[in-house]
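Chemist: Next up is a structure, given as structure tokens.
Since every read-out is calculated from the coordinates, none of them should be taken as a lab result. It should be emphasised that the depicted structure is a prediction, and the values quoted were computed from it without experimental measurement. Reconstructed Cβ throughout: ideal geometry from the backbone, glycine too, with neighbour counts over all protein chains shown.
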Amino acid sequence: MSGLFRNTLNLYDPEYRSGSGNKTNLSIEFIPGGFVFSLLDADKFRYFALEEYKYEGNGYDPGYFSKFSDFASAHPLLSSDYDKVSVCHYSPGLVLTPEELFLPEEKEKMYRLSCPAGNNGHIISDRLNILKAYATYSVPEDLIKSLEDIFGEYRLRHYGTALIESSLASQKLDGWNSSIVLHIRQDNFEILLLDGKKLLYYNSFGITCFDDMLYYIFYVLEQYRLRPSRLRAMVIGEMAMDSKEFSMLSSVFRRLSFPERNDMYKYCNEFDSIPYHYYFNLLNLNLCG
């Protein structure tokens with residue numbers, strides 16, 4: 001594939017045969033810098049494909065999703081029919097409300113008051129089953145149109161709600177025993193503070209360099225009077241174990257770890273070539289209610 005979406009990763013199980021009658025689920029994750037998608041054999045609960053594309057344009061510019069529609073219509077995997085399509089979309093504004101205080105008819109008003117600088121897109125709320133809360137955010141209208149045109153039926157969630165639910169589930173089921181989760185990408189990162197199986201804090205910050213991330217980490221911990229040298233931290237996203245950034249963070253926290261693969265799934269051999277934590281959110285999206 002060519003054009004504004006440049007392929008940077010392509011994994012596919014050569015032994016998988018389409019049309020075998022097995023149910024197949026598509027998961028796709030949008031960020032301003034591009035998108036990544038995976039395919040799951042739902043009968044065997046086995047991932048057999050993953051592709052990543054970088055966007056050559058400028059973030060979520062006005063043409064992003066219309067260009068994606070054109071791209072997807074010519075892509076043999078994205079243009080196929082699936083039993084289930086799960087989509088997560090990143091946007092900086094996310095309002096969390098306890099379920100007992102959430103009023104569906106007031107969600108747009110609540111969002112506009114909390115995120116006055118947000119775009120004028122479609123306002124959506126996700127229910128977070130583990131957190132027992134609702135997350136409200138804005139989605140571009142052209143994203144909704146593109147998804148309807150390409151997939152028909154789909155399930156849409158915010159990037160942050162998928163991250164929160166997956167982190168809380170892993171904290172409970174996989175025994176993370178972490179007090180802070182850092183989800184890192186090139187231009188922004190998320191911080192989650194956890195108290196056992198409860199979420200204390202979530203926020204997303206834009207960054208231009210590693211020092212920006214350190215500043216926000218220390219700022220947030222200071223507000224909660226937490227000393228990093230006493231905390232166990234979990235790192236998700238674009239950070240390599242042999243990087244100087246990982247080494248520096250390791251000197252800050254009591255313990256710094258990457259998550260293990262979710263053993264609820266199976267993975268084709270080609271997945272052994274990629275760091276699981278880079279795609280943690282995408283590969284756990286199917287489990288988010």
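Chemist: List, in the order given, every pair from 145/198; 132/244; 107/145 whose Cα-Cα distance in the structure shown is over 29 Å.
Modeler: 145/198; 132/244
Chemist: Give the range of the longest stretch in the chain that excludes all trypsin sites (Lys or Arg not before Pro) found in loop regions by DSSP and having at most 16 other beta-carbon atoms within 10 Å.
Modeler: In short, 45-131.
Chemist: To continue, here is another question. First measure r as the distance between the Cβ atoms of residue 229 and residue 100, then evaluate 1/(1 + (r/R0)^6) with R0 = 41 Å and state the FRET efficiency to the nearest 0.05.
Modeler: 0.65
Chemist: Loop only by DSSP, 11 or fewer other Cβ within 10 Å of the Cβ. Give me the GluC sites (Glu not before Pro) in the stretch 151-199 that pass, ordered by residue number.
Modeler: Answer by residue number: 153.
Chemist: Using every pair of alpha-carbon atoms in the stretch 48-147, split the distances into 5 Å bins beginning at 0 and state the percent of pairs per bin, rounded to integers.
Modeler: 2, 10, 19, 19, 16, 14, 11, 7, 1, 0
Chemist: Whose amide H sits under 5 Å from the amide H of residue 133, counting only residues 5 or more places off or on another chain, with H placed in the peptide plane?
Modeler: Excluding prolines and chain starts, which carry no amide H, the hits are 99, 128.
Chemist: Same structure again: Which of these, 39, 192, 78, has the largest mean-square fluctuation under a Gaussian network model of the chain (Cα springs below 10 Å)?
Modeler: Between 39, 192, 78, it is 78 that shows the largest mean-square fluctuation.
Chemist: Please get the size of the charge dipole for the chain, origin at its Cα centre, with Cβ charges of +1 on Lys and Arg and -1 on Asp and Glu, quoted in debye to the nearest 20.
Modeler: 1000 debye
Chemist: Here is a follow-up. Taking the alpha-carbon centroid of each part, what is the distance from the stretch 67-146 to the stretch 156-222 in angstrom?
Modeler: The stretch 67-146 and the stretch 156-222 have Cα centres spaced 19 Å from each other.
Chemist: Would you mind ranking 242, 81, 149 by Cβ crowding within 10 Å, fewest neighbours first?
Modeler: Starting with the residue having the fewest Cβ neighbours, the order is 242, 81, 149.
Chemist: Would you order 114, 229, 204 from fewest to most other beta-carbon atoms within 10 Å of each residue's own beta-carbon?
Modeler: Going from least to most buried by this count: 229, 114, 204.
Chemist: Same structure again: Just in the stretch 217-288: which GluC sites (Glu not before Pro) are loop by DSSP and have at most 13 other Cβ atoms within 10 Å?
Modeler: 260
Chemist: Whole-Hz Karplus ³J(HN,Hα) for the stretch 242-258, in order, using 6.51 cos²θ - 1.76 cosθ + 1.60 and θ = phi - 60°, x for Gly and Pro?
Modeler: Using θ = phi - 60°, the values come out as 8, 7, 5, 5, 5, 4, 5, 5, 4, 7, 8, 9, 4, 8, 10, 9, 10 Hz.
Chemist: Taking each pair of distinct Cα atoms in the chain once, what is the resulting Kirkwood hydrodynamic radius in Å?
Modeler: 19.9 Å
Chemist: Which loop GluC sites (Glu not before Pro) in the stretch 49-148, with loop taken from DSSP, have no more than 14 other Cβ atoms within 10 angstrom of their Cβ?
Modeler: Loop-located and lightly packed - 56, 99, 100.
Chemist: Give me log10 I(q)/I(0) at q = 0.21, 0.27 Å⁻¹ for the stretch 177-257, Debye formula, one equal scatterer per alpha-carbon, no solvent.
Modeler: -0.97, -1.69
Chemist: In addition: Using the charge dipole of the stretch 177-257 (Lys, Arg: +1 at Cβ; Asp, Glu: -1 at Cβ; taken about the Cα centre), state which of 210, 194, 181 has its Cα farthest towards the positive end.
Modeler: Checked the options; the winner is 194.
Chemist: Taking K and R as +1 and D and E as -1, what net charge do the other residues with C-beta under 14 Å from the C-beta of residue 113 add up to?
Modeler: Local charge sum for residue 113: +1.
Chemist: Which FRET efficiency, nearest 0.05, do residue 132 and residue 81 yield, Cβ-Cβ r, R0 41 Å?
Modeler: Calculated value: 0.70.
Chemist: Okay, moving on. How much FRET efficiency would the formula 1/(1 + (r/R0)^6) give for residue 113 and residue 8, where r is the Cβ-Cβ distance and R0 is 45 Å, rounded to 0.05?
Modeler: Rounded to the nearest 0.05, the efficiency is 0.70.
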